[in-house]
Amino acid sequence: MKFVLEVTVDDGVEEQDRARELERILRYWGGNLRHYALEPGAGSAVYDSAYQEVGAWRVVAS
């Protein structure tokens with residue numbers, strides 16, 4: 001089984017802000033994993049601090 005997380009960060013955002021935003025996204029994502037059955041087909045959208053969809057995660061069979 002593979003876990004795939006894809007996040008797009010705007011190139012126009014300063015590097016320090018991109019790093020902070022990615023840290024927040026990863027904390028939120030990791031904290032919510034317990035709410036999902038981690039089996040192939042599971043997944044959800046990923047949102048930034050402005051609640052804009054910036055990516056998704058999914059579980060796929062390896």
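The values are calculated or read from the model by the stated rules, or taken from the named source; none is laboratory data. The shown structure was predicted, so the numbers you read here are calculated from the model rather than taken from an experiment. Backbone-built Cβ (ideal geometry, glycine too); neighbour counts: all protein chains shown. Accessible surface areas use protein heavy atoms only, side chains included; no ligands, DNA or RNA. Shrake-Rupley method; radii C 1.70, N 1.55, O 1.52, S 1.80 Å.
Points to keep in mind about this one:
- Among the residues making up region 34-55, those that are surrounded by 13 or more Cβ atoms within 10 Å (Cβ to Cβ) and aliphatic (A, V, I, L, M) are ALA42, VAL46, VAL54.
- All positions within region 1-23 that are open to solvent by 60 Å² or more (accessible area, probe 1.4 Å) and in a helix (DSSP H, G or I): GLU15, GLN16, ASP17, ARG18, ARG20, LEU22, GLU23
- Inter-residue pairs, beta-carbon under 9 Å, first modelled with pLDDT under 80 and in region 6-23, second of a type in the set (Lys, Arg), 6+ apart: VAL9/ARG18; ASP10/ARG18; ASP11/ARG18
- Listed by first and then second residue, the pairs linking a residue in region 33-62 that is within 13 Å of GLU6 (Cα to Cα) to a residue that is polar (S, T, N, Q), with Cβ atoms under 6 Å apart and 6 or more places separating them unless they lie on different chains, are VAL54/THR8; GLY55/THR8.
- Every condition in (1) modelled with pLDDT under 85; (2) loosely packed, with under 11 Cβ neighbours inside 10 Å holds for GLY30 except the one numbered (1).
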